[in-house]
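To keep things clear, I will list the structure first and then write my remarks on it.
The values are calculated or read from the model by the stated rules, or taken from the named source; none is laboratory data. Computed from a prediction, not measured in an experiment: that's the story for all the values here. Don't worry about glycine lacking a Cβ; one is built from the backbone with ideal geometry, like all the others, and counts go over all protein chains shown. Heavy atoms of the whole protein, side chains included, go into the accessibility calculation; ligands, DNA and RNA do not. Shrake-Rupley method; radii C 1.70, N 1.55, O 1.52, S 1.80 Å.
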Amino acid sequence: MLPPQKRLVINNYYKRKCFGRNALARALDLALLGVILYLAFYLLLFTRPAKQWLAPLLALLATGCFFCLSRLRLIHFTRRERERLQNLVWRDELLLMPETELRALLGQDETILLLQQERPATVDDLLPILRGAGEGAALFLTTTLTEEAKGFLARNASGLIIHELAALLDRATLSLMSETREKEVIASLSPKPKLHNYLRKISIFNGGWKKYLGLGIVLLALSIFIKPVIYYRLLSSLCFFISGTGLILRNKNTNYMNNYETNH
């Protein structure tokens, strides 16, 4: 097992990757959502002073539901991301594995052909193999096919059966990556902390604009049936403003990062 500090590094990676924001931004976002929900419930109970004590309780419960949903989303995302990292590690192992050892994993079958490379296989990569492949031969790739290669194969029927990386991983039995290896992979994929990257992540609303858009629509719909109408519409306008601000910040940060990467 990894020490708690290193385990925390891994968990923080999945949280940043899933939510697109750092811990402070996520906390402020949740607090802001709680305040808006409290105001909404307070206005709902505005004409019933004896029951206004329910407003903070309902807001707390609703915010807790949003928090639980975000945890479920994180669990689902972490599982998919860990599978992606595992496949990345396995692909690297297959690329570095001697051909004789890889053939031993696939079975000593003369009809099995191998193409070990990192970049997607192009038509030029396949041509030498297609010319010499016999009928019923199977080609296993440590990568995927480009769209041009898929089109070429579709236009030119061949007796060669091609299996991409996913099929090779299913056929070859490889060991699962350890927590130490997981941390090394995450460290290799995580960019070094830079000012422009930090500013992109610190936005409170980055990645959460859809949530405020949905809340604004609900509040606007409630204003049709529940009084005081003006206050619900003010709250919905606030949510729309937050949602629009978040969308603008997201697009601005994306354009900035694209320009930065192009110029550097």
So which of 205, 225 ends up being open to solvent by 30 Å² or more (accessible area, probe 1.4 Å), out of contact with any helix residue (DSSP H, G or I) (no Cβ under 9 Å at 6 or more places or on another chain) and modelled with pLDDT under 80?
225
Of the residues in segment 146-160, those that are outside any helix (DSSP H, G or I) and either among the small types (Gly, Ala, Ser) or loosely packed, with under 15 Cβ neighbours inside 10 Å (or both) come to 156, 157, 158, 159
Identity of the residue in segment 97-112, open to solvent by less than 50 Å² (accessible area, probe 1.4 Å) and under 12 Å from residue 168 (Cβ atoms), that ends up modelled with the highest pLDDT:
97
All but one of (1) assigned to a helix (DSSP H, G or I); (2) at pLDDT below 80 hold for residue 193, so report the exception by its number.
(1)
When restricted to 93, 118, the only residue farther than 20 Å from residue 155 by Cα and either open to solvent by less than 30 Å² (accessible area, probe 1.4 Å) or in a helix (DSSP H, G or I) (or both) is 93
Pull up segment 43-76, narrow it to residues that are without any contact (Cβ under 8 Å) to a residue 40 or more places away in the chain and assigned to a loop (DSSP other than H, G, I, E, B), then point me to the one that is most open to solvent (accessible area, probe 1.4 Å).
53
So residue 184 clears everything in (1) more than 14 Å from residue 114 (Cα to Cα); (2) more than 28 Å from the chain's Cα centre (by Cα); (3) not aromatic (Phe, Trp, Tyr) except one condition, right? Which one?
(2)
May I ask you to list pairs of residues, at least six apart or on different chains, whose Cβ atoms are under 8 Å apart, with the first in segment 8-28 being open to solvent by 20 Å² or more (accessible area, probe 1.4 Å) and the second being among the polar types (S, T, N, Q) and not in a helix (DSSP H, G or I)?
16/22
Which one of these does residue 124 not meet: (1) open to solvent by 90 Å² or more (accessible area, probe 1.4 Å); (2) farther than 30 Å from residue 212 by Cβ; (3) touching a residue at least 24 places away in the same chain (Cβ under 8 Å); (4) assigned to a helix (DSSP H, G or I)?
(3)
Out of all the residues in segment 228-251, which are part of a helix (DSSP H, G or I) and surrounded by fewer than 14 Cβ atoms within 10 Å (Cβ to Cβ)?
229, 230, 237, 241, 248, 251
In segment 128-143, how many residues are surrounded by 14 or more Cβ atoms within 10 Å (Cβ to Cβ) and not aliphatic (A, V, I, L, M)?
3
Name the single residue, out of those in segment 161-180 being open to solvent by 90 Å² or more (accessible area, probe 1.4 Å) and not acidic (Asp, Glu), that is farthest from residue 103 (Cα to Cα).
176
Give 171, 200, 233, 250 a once-over and let me know the one that is modelled with pLDDT of 80 or more, charged (D, E, K, R) and more than 30 Å from residue 143 (Cβ to Cβ).
233
Taking segment 132-145 and keeping only residues that are at pLDDT below 85 and either within 30 Å of residue 12 (Cα to Cα) or assigned to a helix (DSSP H, G or I) (or both), one is left with 132
